[in-house]
Amino acid sequence: MVLRLLLALLAGCLPLLAQAEYRVYNKHPRLFLDADRLKRLSRDAERETDRWRLLRQQLDNGAALPERPVALALAYQLRADERAGRQAVETIAAGSPTGPSPLRQAALAYDWCYPLLNDEQRAALARSLTEQAEQAPPTAEGLRDAVLALVAVAGDADGAEAALGRALRERWEAKLLPQLQAGGLVDRAESLLALLEVSHVLRHNLERDLWTEAPDAFRALPMARILGYLPETLESDEGRLRRYAVPVVSDEAAVNEALFGRIAEMLLVAYESTSREAQFLQGWLRNDSFTLKGPRGAIYEMLWINPYLPGLAPASAPKWTFDPVRGRIFAQRNELWLGYYDGGLHVDNGQGVQPAGESFREEPLGVEGATVIWTKGSGKWEVEIPTGRDPRGPAVLFLGLDPQRQYEAKAGKGSWRKLEVGHGGVATLLNDYEAKESALEYDEKVRVQLR
């Protein structure tokens, strides 16, 4: 009898425990503006830095900002501009944010302008945002909109925290996380940006680190973002943009990819700025000739770029990178860009990206720190690896292998070693650091064999 009573009590407590797991205790602002960032941004606004002037100019000129409530709410937070804040509140209270992701815009304005909401506005908006969040689609962008809205209204709307728990279990854990672990989601820059916004909000409010749930998928991104850009640039109303290799899209779509891609890179650095790869990405972002100066990007240049974080010069970064989750290689050799993705090798020498011809197959191609061999299978090659900067040392990169087959490789007098052929048919041969001597050395010819 006592045991049954205890079990009944435990069963009744489980829903409460599950809800407590997603309890939000932070005061407003909860979204993106942690205390340190808010202090730094407020100081920069007071000093009239270039990025603040860009944003202020957009607001003062009455520009048709795609995310006007967000820009107004940010002005309220950074300069105590109550007039701007009340305009943001009026817009979301009327249910009339225009432009992309209206639910996300409303959540940010609700959170950043929280002190300006009266009781009636707060209750109505909290109820509306919760209802919209529960109806958001099971996409990366839908999850982002739902998480931002539910964290913003937590404590003001009955059931918001329970809905947050359901969103994370049913959308993130059951659907999106497996896709990310399998190499999906991040090709579209807007989806990558959405996942990174969710990561920031959950770490700050729930102390949950999504990067630990898909570490390989996130770890490969900084260098893949740097080296995955083509030599070609694009012109837009946001300024000069870099064109990313994947996905292959029209020029018009490439502008959006480039815009969201740069903002996503800002969030990557803001989330993890201490790694060597992130510091190279910060140095990459600090190139002012690619600053977003238009109505969409000026908000995020102000919000996410940390000008006091110096970064490392991209020119001193490794010239190749391997993304094992997505099975991709990106590399540069002087004016030649290489990309292995979608099962094929692509090259660009400044004349536009093209599929690599057969002349590249079976012919070792040296890039700084590695030799690339695009092969159909077994073979022997004489290679010479140019001096590189990768901390793993010299590497041989085999492309085009059959992921279903078992391969062995050896370099010089070294032993035969099994290769792990990953997604996309890519395998890497590095030195065996348990061996007495290194089989691969920079700038020395060596025979490499594959069977």
- Query: Hey, among the residues in region 44-63 that are more than 27 Å from the chain's Cα centre (by Cα) and either surrounded by fewer than 15 Cβ atoms within 10 Å (Cβ to Cβ) or of a type in the set (Phe, Trp, Tyr) (or both), which one's modelled with the lowest pLDDT?
  - Reply: ALA63
- Task: Taking the options GLY165, GLY184, GLY142, GLY99, name whichever one is surrounded by 15 or more Cβ atoms within 10 Å (Cβ to Cβ), within 23 Å of ASP209 (Cα to Cα) and modelled with pLDDT under 95.
- Result: GLY184
- Scan region 296-303 and give yes if some residue there is more than 30 Å from ALA75 (Cβ to Cβ), outside the structural domain of LEU338 (by TED's automatic domain parsing) and without any contact (Cβ under 8 Å) to a residue 60 or more places away in the chain, otherwise no. no
- Task: Just name the residue that is nearest to LEU312 (Cα to Cα) out of those in region 264-289 that are over 18 Å from the mean Cα position of the chain (by Cα) and of a type outside the set (D, E, K, R).
- Result: ASN287
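Residue check: is TRP381 in contact with a strand residue (DSSP E or B) (Cβ under 9 Å, 6 or more places away or on another chain), within 18 Å of GLY400 (Cβ to Cβ), at pLDDT 95 or above and not assigned by TED's automatic domain parsing to the domain that holds GLU277?
Working: in contact with a strand residue (DSSP E or B) (Cβ under 9 Å, 6 or more places away or on another chain): yes; within 18 Å of GLY400 (Cβ to Cβ): yes; at pLDDT 95 or above: yes; not assigned by TED's automatic domain parsing to the domain that holds GLU277: yes.
When the stated conditions are applied, TRP381 passes them.
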- Task: Mind listing just one residue for me: the one in region 380-400 that is in contact with a Phe, Trp or Tyr (Cβ under 6 Å, 6 or more places away or on another chain) and within 17 Å of GLY327 (Cβ to Cβ) and, of those, surrounded by the most Cβ atoms within 10 Å (Cβ to Cβ)?
- Result: LEU399
- Any residue in region 388-410 that's within 19 Å of ARG333 (Cα to Cα): show its pairings with residues that are loosely packed, with under 13 Cβ neighbours inside 10 Å at Cβ separation under 7 Å, as long as the two are six or more apart or on different chains. ARG389/SER316
- Item | Matching residues in region 214-240 - criterion: being over 21 Å from ARG328 (Cβ atoms) and either buried (at least 20 other Cβ atoms within 10 Å of the Cβ) or out of contact with any strand residue (DSSP E or B) (no Cβ under 9 Å at 6 or more places or on another chain) (or both) | SER236, ASP237, GLU238, GLY239
- Message: Which residue is farthest from the chain's Cα centre (by Cα), if the candidates are limited to region 135-160 and must be of a type in the set (D, E, K, R) and over 19 Å from GLU197 (Cβ atoms)?
- Response: ASP158
- Query: Does region 272-289 hold any residues that are part of a helix (DSSP H, G or I) and surrounded by fewer than 17 Cβ atoms within 10 Å (Cβ to Cβ), and which are they?
  - Reply: ARG276, ASP288, SER289
- Screening ALA439, ALA411, ALA427 for residues that are under 13 Å from LYS380 (Cβ atoms) and surrounded by 18 or more Cβ atoms within 10 Å (Cβ to Cβ) leaves only ALA411
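Residues checked against (1) outside the structural domain of GLU134 (by TED's automatic domain parsing); (2) part of a strand (DSSP E or B); (3) within 15 Å of the chain's Cα centre (by Cα):
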residue: LYS175; (1), (2), (3): no, no, no
residue: LEU192; (1), (2), (3): no, no, yes
residue: LEU196; (1), (2), (3): no, no, yes
residue: VAL201; (1), (2), (3): no, no, yes
residue: THR212; (1), (2), (3): no, no, yes
residue: ARG225; (1), (2), (3): no, no, yes
residue: LEU241; (1), (2), (3): no, yes, no
residue: ALA253; (1), (2), (3): no, no, no
- Message: Please determine whether any residue of region 113-128 is surrounded by fewer than 17 Cβ atoms within 10 Å (Cβ to Cβ), under 28 Å from ASP216 (Cα atoms) and of a type in the set (Asp, Glu).
- Response: no
- Task: Kindly provide the set of residues from region 99-147 that are within 25 Å of ALA174 (Cα to Cα) and part of a loop (DSSP other than H, G, I, E, B), ordered by number.
- Result: SER101, GLN135, ALA136, PRO137, PRO138, THR139
- Item | Whichever residue in region 65-93 is surrounded by fewer than 20 Cβ atoms within 10 Å (Cβ to Cβ) and of a type in the set (D, E, K, R) and, among such residues, is nearest to LYS293 (Cα to Cα) | ARG79
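Filter region 411-451 down to residues that are of a type outside the set (A, V, I, L, M) and assigned to a strand (DSSP E or B) and give me whichever is farthest from THR375 (Cα to Cα).
Filtering region 411-451 for residues that are of a type outside the set (A, V, I, L, M) and assigned to a strand (DSSP E or B), the one farthest from THR375 (Cα to Cα) comes out as TYR442.
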- Query: Checking ASP158 against (1) free of Cβ contacts under 8 Å to residues at least 60 places away in the same chain; (2) in a helix (DSSP H, G or I); (3) farther than 21 Å from LEU65 by Cβ, which single condition isn't satisfied?
  - Reply: (2)
- Task: May I ask you to list the residues in region 419-434 that are in contact with a Lys or Arg (Cβ under 8 Å, 6 or more places away or on another chain) and within 19 Å of ALA182 (Cα to Cα)?
- Result: VAL421, HIS423, GLY424, VAL426
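The values are calculated or read from the model by the stated rules, or taken from the named source; none is laboratory data. Everything numeric here is computed off the predicted structure, so don't read it as measured data. Methodologically, a virtual Cβ is constructed for each residue, glycine included, from the backbone with ideal geometry; neighbour enumeration extends over all protein chains shown.
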